[in-house]
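A short worksheet on the structure shown next.
Any read-out appearing in this document is the output of simple, stated calculations on the displayed coordinates, not a laboratory observation. Treat the numbers as computed from the prediction; the structure is a model and nothing was measured. Using ideal geometry, Cβ is built from the backbone for each residue, glycine included, and neighbour counts are taken over all protein chains shown.
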Amino acid sequence: MDDDVLDSLWLAADHGVSFDGLHVDRTDETVHFETPADDATVTGRAAFEEVATEHAAYVSNWFFWHERAPTRDDHWAFCRWLEGASETPVSDRHAALDGGVTRSWGQLELTVSSTGFGERRYALRHEADADEPLAPLTRYDDPLAARQLVKHDGDGRYRPLKTATNLPTGWVFDDLLPEAMLETVEYVYPATIANWYRERKGDLDVTHWRETAARQTGIYGLVSDLDDEAVGWLAEACCVDSQCCKRREWDLDDECDLDVPRSEGAFPCREPCSLVVAAARTVTKLEREATETYELELTPSEKAQLETLVDAVAEDRLDEIREADFDDGANRYRVRYLRTKLFDDGLPDGHS
Amino acid sequence: MQALVIAAHGSHLNAASSTPAFAHADTIREVGAFDEVRECFWKEEPSFREVLRTLESEEVFVVPLFVSEGYFTEQVIPRELRLSGFDPEKWDSDGTSADHVTLTASDVEKTVHYCGPIGTHDAMTDVVVQRAESVTGDPTVGDGFGLAVVGHGTERNENSAKAVHYHADRIADRGRFDEVRALFMDESPEVDDVTDHFDSDDVVVVPLFIADGYHTEEDIPEDVGLTDDYRTGYDVPTTVDDTRIWYSGAVGTEDLLADVVLERASDAGASVQAEIEQVRERTRTVALATGD
């Protein structure tokens, strides 16, 4: 055990150490040393060092959290949560950290490992790459690189929403110190740690739909006109597990919930995001139109095909449909056939 | 601790919209001017709404990466940052002179120095000139050249044009270029007729825009006559009506813009004079080395 560690604990023990099951109190040369499994009172620096060494797991744990871990409240809490500090005793945690302790954060998989006495290193990758060997993954060590890394999905499409469920795969930050890990998470999922921490403390400042809508100005001022049912459809379109990693905590207002399932995400969504507001602008304008009746004849299979097509777009399934899979109603040739047969001359006019 | 927050528009559609904010933030990070540097966006994340809570610093300098005073600097950003008691009157601006105002944000315990936009700072004039140097590859460009500063312009916000005129006038006063004009996309005098406004054989066209995107990469090149179809690209310079047009793309992509961000923070009380000098030195070196 390093002299630095022993010096730190020796000094701290003068005021009493009580942390994660380790209790150390020193009065002059007399030290009382206690863990859940053991306690001892020794005299003199040499005896202190001996007993500290016998309880290296506890001393190592104390040293990390008091000399190496981030001091900022939300960052501290996040690092504690990552390794399950509140529910896992040091003796078990110490062993687990040797092999790495893993948590999910959105589509991220975060692994914390013990890499030496009082040291932790963190790894981040896409959860889909969790079982991949490191070799084929592109390795990064600069948190700033994450900004560009998460800008496009695996198909090269721009991701305007950081918490959308299309985080690209194929990369890893495999050896980060705590601060670098926190910075990287911040670039992948901005503000999620801060809001998660507020929620844990019971003071998440949720801004509900009606308040958000009323605040809008300019081209977004009209979204207040969107009726409640349509706000629910919008939330179901944009704010469910399949589309976004955030857990929607906002509703119509404090007293009026949306009848839409909430996701199970680790971190909360405290107000409608800019993407939802922009989508709301479009659907608000569309919802102003009155309905009309259109008459066209379809075979039952054609009706089913239209439903399949809508479903395929809504579930972002088009890329998965094989070129010659004519049984799939959203197959390109099937749709082109339908267009030629039914829509070449346009759909019939509607009437009120 | 002190933080710098660069507040930019961002985009739901254009991945490159955030590029200048990232680039200038990185320049400022490299010189270590602040304990924390963070980009935030109207259309991307972190949002204006949530950026302050991601910071540890108790004192924050917010610099809008916008070209003019108006809707975003006076309404959207202060509202979304929850700056208690903000009123554009506190800036006492004539349309180009908003400096800074110190407030608190209602959702965090922080002091926020909310600055005027980078586009109206005096130092922006130097960036426009450096943009002309970069695009011509000539650090002494001016003699025999005309310079057009191009703005969006909008009848809805008179300040939009004021910022363009402000820098055009300041550059004209220096007497470096033979001719200097302020031209616009959506109001007169229009950039479509750029060659009608100059006698010089060479004209540098610098759009006073933050990021390259639809306006600077598609509209203006086609309006000016550099190309019939932006997708086919164009040369720099391109001869239009017997005038060589040196089109620079958005001024906001010029490395020296990081200097303007720091100047704004400095005016608001940040101790960054030494870092300003470093940024000027670095970005000047980059411009001369690349000549683009």
*List the trypsin sites (Lys or Arg not before Pro) in the stretch A:219-250 that DSSP assigns to loop (not H, G, I, E or B) and whose Cβ has at most 13 other Cβ atoms within 10 Å. Which are they?*
none
*Have a look at A:W196, A:Y140, A:G84 and report the one farthest towards the positive end of the charge dipole of the protein assembly as shown, computed about the Cα centre with Cβ charges (Lys/Arg +1, Asp/Glu -1).*
A:G84
*Per Stokes-Einstein, at 37 °C and 0.692 mPa s, what whole-number D in µm² s⁻¹ belongs to the protein assembly as shown, with the Kirkwood radius over Cα pairs as the hydrodynamic radius?*
116
*Among B:P78, B:S57, B:P46 - extreme Cα towards positive end, dipole of chain B, charges at beta-carbon*: B:S57
*Pop a pseudo-label 7 angstrom from the Cα along the beta-carbon direction at both B:D173 and A:S86 and give the gap in nm to one decimal.*
6.0
*Relative contact order for the stretch A:70-199: what is it in percent, counting Cα pairs under 8 Å that are at least 6 residues apart?*
25
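Please get the size of the charge dipole for chain B, origin at its Cα centre, with Cβ charges of +1 on Lys and Arg and -1 on Asp and Glu, quoted in debye to the nearest 20.
1000
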_Anisotropy class of the stretch B:123-253 from Cα gyration tensor, a/c 1.5 cut_ = rounded
_Check: the protein assembly as shown dipole with +1 on Lys, Arg Cβ and -1 on Asp, Glu Cβ, in debye_ = 420
*asked:* If I stretch the segment between A:E287 and A:T165 completely, what's the gain in nm (0.36 nm per residue apart, minus their alpha carbon distance), one decimal?
replied: 41.2 nm
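Can you sort A:T207, A:T217, A:T308 so the residue with the fewest Cβ neighbours within 10 Å comes first?
By the 10 Å Cβ count, ascending: A:T217, A:T207, A:T308.
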*asked:* I'd like to know how the stretch A:205-287 sits against the 2.2 N^0.38 Å rule of thumb: what's its Cα Rg over that expected value?
replied: 1.00
*Note the angle between two axes, namely the Cα long axis of helix B:273-290 and the longest principal axis of the Cα atoms of chain B, as a number of degrees from 0 to 90, rounded to the nearest 10.*
30
*Give me the number: length gained by fully extending A:I219 to A:D3, i.e. 0.36 nm times residue separation minus the C-alpha to C-alpha distance, one decimal in nm.*
71.3 nm
*Label 7 Å along Cα→Cβ of A:R157; the stretch A:309-330 residues with amide nitrogen under 17 Å?*
A:309-322, A:330
*Please work out the FRET efficiency for the pair A:A278 and A:E54, using the Cβ-Cβ distance as r and a Förster radius of 51 Å; give the result to the nearest 0.05.*
0.25
*Pop out the ³J(HN,Hα) list for the stretch A:272-282 in order, Karplus 6.51 cos²θ - 1.76 cosθ + 1.60 with θ = phi - 60°, rounded to Hz; leave Gly and Pro as x.*
x, 7, 5, 5, 5, 5, 5, 5, 4, 4, 5
*How do B:H113, B:H215, B:H167, A:H152 rank when sorted from fewest to most other Cβ atoms within 10 Å of their own Cβ?*
A:H152, B:H215, B:H113, B:H167
*About the Cα centre of the stretch A:205-287, how large is the charge dipole given +1 on each Lys and Arg Cβ and -1 on each Asp and Glu Cβ? Please answer in debye to the nearest 20.*
520
*Any chance you could run the full-extension gain for A:K341 through A:E264? It's 0.36 nm times the residue separation minus the Cα-Cα distance, nm to one decimal.*
23.3 nm
_Note, ³J(HN,Hα) from phi for the stretch A:321-337, Karplus 6.51, -1.76, 1.60, rounded to Hz, x at Gly and Pro_ = 7, 5, 3, 10, 7, 6, 6, 8, x, 9, 4, 4, 5, 4, 6, 5, 4
*Would you mind telling me which residue in A:E83, A:E315, A:E249 has the biggest mean-square fluctuation in a Gaussian network model of chain A, where springs connect alpha carbons within a distance under 10 angstrom?*
A:E315
*Restricting to the stretch B:163-282, compute how many DSSP beta bridges are antiparallel as a %, nearest 5.*
40
*Which angle between 0 and 90 degrees, to the nearest 10, do you get for helix A:228-238 versus the longest principal axis of chain A when only C-alpha atoms count?*
70
*Based on DSSP, what percent of beta bridges with both residues in the protein assembly as shown are antiparallel, to the nearest 5?*
50
*For A:L286, B:L81, A:L110, what's the fewest-to-most ordering of other Cβ within 10 Å of each Cβ?*
A:L286, A:L110, B:L81
